[in-house]
C-alpha cells in the first residue's frame, strides 16, 4: 500500500512539474521584448544616432515593440527627418508615446509611429520653421502631410501645424499654427490613445512586456551630443584658433598651442564620432592652417596661398553646422571673436615673438651703414640690390649705402637687383629690374 501511495505521489509531482514548466514556457513565449527610446530635450544629431543605435540593437535582439517616449520643444529639422525616416522604415512595431510635449520637430517624429499615444495633459503641434520663408514652409508642410498620410492620420491637420495660412473651421484659425491637446488630437484622428501611465499604455496596445530595455546614452554620446551643438562648436573653434594664434606670440610650444589643438581635436572628433563629418573635413581644416602658416612665415604678403588657406578653413567650419543659417552665424561669430582676441593679444604681446617675426630682423645702426633720409633726389634711377625681401617695404643697398625703400606693390626677393623709380619725401620707390625677372 505504501509503495502504491508513493508511486501516486511521484506521478502527481511529475505531472505538476511538467505542467508548471509548460506554463512558464508558454508565458515566456508570450512575453514581449520592448525597447524604450527617449526623444527628449533638443532634437539634434545626437538623438538621431541614439535612435539609429537603438533600432539596430532592437532588430538584432528580436524585439517585438519599440516605444519612442517624446517630450521636446523641438530642435533641428534635419535630424528630425532622419529619425522620422528610421521609424517609418523599421520592420519592428513602433509606437510614439508623447509624455509631455511634441512640438515643432518633435511633432514630425510623433506622427511617424504606427500608433501615436499621448499621456494626459500632453500636446502636439506648433511646428514653426526657421527661417519662416515659403520655400522652407512648403518643404516641411509636405513632410508632415506625407508622414500623416503614411500612418493614416489627418493630413490637413498635420499641415496646419506647420503653415499658419491653412484655415480649418472650428479647429485652426488662419494666421495661427495648430497645436492640439490630447483629447483634440484623438478626436481629430491625429492620436490613437490617451493613457495615464505605462501600464495602461501596454494594456491599450495589447502587449505583455517580459523584458523592457530602456535605451540610454553613454557618457561618450552625451559628451559628443553637447559638443556638436552649434554654440558649443563655436566656442571650441574660437578657443582653438586663439590658442594657435597665441602660440605664435610665445617662444617654443607651450600651453596655448596645446589648448588650441585639443579644442580643435575635440570638435572634429565629436562630429566624426556622430557621423556628422569625416576625417577629410579635419584634413581640410589642417591643410588650411598649413597654407596660412606658409603665407605668413615662408612667402610673406597675402596672395594665393593665404586666400586658399582661409577658404579651406571656412569650408571645413561650414560643414560642421547642421544647416546654412547656423553655418553662416557660426562662421561670422568665430571670425569676429578670433579677430577681437587677436587685437587683444597685439596689445599685450606687441613686442613678443610675433612682432620680431614680422619686423625686420636687423637693427638699423650707423655702424651698419644706415642714415636718416630726408630728400634723396640723387638716388632717382640708381640701381641697387635688395638686402632684405621687400614686402613691400625693406632694405636696398645702393653704392654701399643701406636705404629704406618700398617696392611698387609687389613682393621682391632678397638679393635681387632693383632701380629707384620715384622719390617723394622720405618715400623711395623701387622696382625689379626686368633682366632679373
So residue 259, is it more than 18 Å from residue 312 (Cα to Cα), modelled with pLDDT of 85 or more and not in a helix (DSSP H, G or I): no
For residue 168: the one exception among (1) buried (at least 17 other Cβ atoms within 10 Å of the Cβ); (2) over 27 Å from residue 204 (Cα atoms); (3) without any contact (Cβ under 8 Å) to a residue 60 or more places away in the chain; (4) in contact with a helix residue (DSSP H, G or I) (Cβ under 7 Å, 6 or more places away or on another chain): (1)
Pairs, first within 15 Å of residue 317 (Cα to Cα) in the range 237-254, second modelled with pLDDT of 70 or more and in a loop (DSSP other than H, G, I, E, B), C-beta under 9 Å, six or more apart: 237/320
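Here is a check on your reading of the model: is residue 152 in a loop (DSSP other than H, G, I, E, B) and assigned by TED's automatic domain parsing to the domain that holds residue 54? Give the derivation first.
Details: in a loop (DSSP other than H, G, I, E, B): yes; assigned by TED's automatic domain parsing to the domain that holds residue 54: yes.
When the stated conditions are applied, residue 152 passes them.
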Test: residue 139 is modelled with pLDDT under 95 and crowded, with 21+ Cβ neighbours inside 10 Å: no
Residue identified as touching a strand residue (DSSP E or B) at 6+ places or on another chain (Cβ under 9 Å) and modelled with pLDDT of 95 or more among 77, 47, 65: 65
Odd one out for residue 166 among (1) assigned to a loop (DSSP other than H, G, I, E, B); (2) closer than 20 Å to residue 123 by Cβ; (3) in contact with a strand residue (DSSP E or B) (Cβ under 6 Å, 6 or more places away or on another chain): (3)
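Touching a helix residue (DSSP H, G or I) at 6+ places or on another chain (Cβ under 8 Å), under 23 Å from residue 178 (Cα atoms) and surrounded by 24 or more Cβ atoms within 10 Å (Cβ to Cβ): which single residue out of 43, 87, 81 fits that description? It would help to see each step written out before you state the result.
Details: 87 fails: under 23 Å from residue 178 (Cα atoms); 81 fails: surrounded by 24 or more Cβ atoms within 10 Å (Cβ to Cβ).
Within the list 43, 87, 81, the selection yields 43.
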Among (1) in contact with a strand residue (DSSP E or B) (Cβ under 9 Å, 6 or more places away or on another chain); (2) in a loop (DSSP other than H, G, I, E, B) - the single one residue 275 does not satisfy: (1)
Within the range 49-69, considering residues that are within 23 Å of the chain's Cα centre (by Cα) and in contact (Cβ under 8 Å) with a residue 40 or more places away in the chain, the one farthest from residue 199 (Cα to Cα): 49
Qualifying residue in the range 248-256 (condition: assigned to a helix (DSSP H, G or I), surrounded by 15 or more Cβ atoms within 10 Å (Cβ to Cβ) and at pLDDT below 80): yes
Looking only at the range 190-201, and only at residues there that are out of contact with any helix residue (DSSP H, G or I) (no Cβ under 8 Å at 6 or more places or on another chain) and surrounded by fewer than 19 Cβ atoms within 10 Å (Cβ to Cβ), the one that is nearest to residue 37 (Cα to Cα): 198
Given (1) farther than 17 Å from residue 71 by Cα; (2) surrounded by fewer than 20 Cβ atoms within 10 Å (Cβ to Cβ); (3) in the same structural domain as residue 78 (by TED's automatic domain parsing), index of the condition residue 226 fails: (3)
Qualifying residue in the range 109-117 (condition: within 23 Å of the chain's Cα centre (by Cα), within 26 Å of residue 213 (Cβ to Cβ) and in the same structural domain as residue 43 (by TED's automatic domain parsing)): yes
Pick from the range 206-221, criterion in contact (Cβ under 8 Å) with a residue 12 or more places away in the chain and assigned to a helix (DSSP H, G or I), ranking: surrounded by the fewest Cβ atoms within 10 Å (Cβ to Cβ): 220
Neighbours by Cβ (under 7 Å, 6+ apart or cross-chain): first from the range 275-297, in the same structural domain as residue 261 (by TED's automatic domain parsing) and more than 14 Å from residue 264 (Cβ to Cβ); second part of a loop (DSSP other than H, G, I, E, B) and modelled with pLDDT of 75 or more: 276/228
Among (1) touching a helix residue (DSSP H, G or I) at 6+ places or on another chain (Cβ under 7 Å); (2) buried (at least 22 other Cβ atoms within 10 Å of the Cβ), the one test that residue 67 misses: (1)
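The values are calculated or read from the model by the stated rules, or taken from the named source; none is laboratory data. Since the structure is predicted, the reported quantities are computational estimates derived from the model, not experimental observations. Counting neighbours? That spans all protein chains shown, and the Cβs are built from the backbone with ideal geometry, glycine included.
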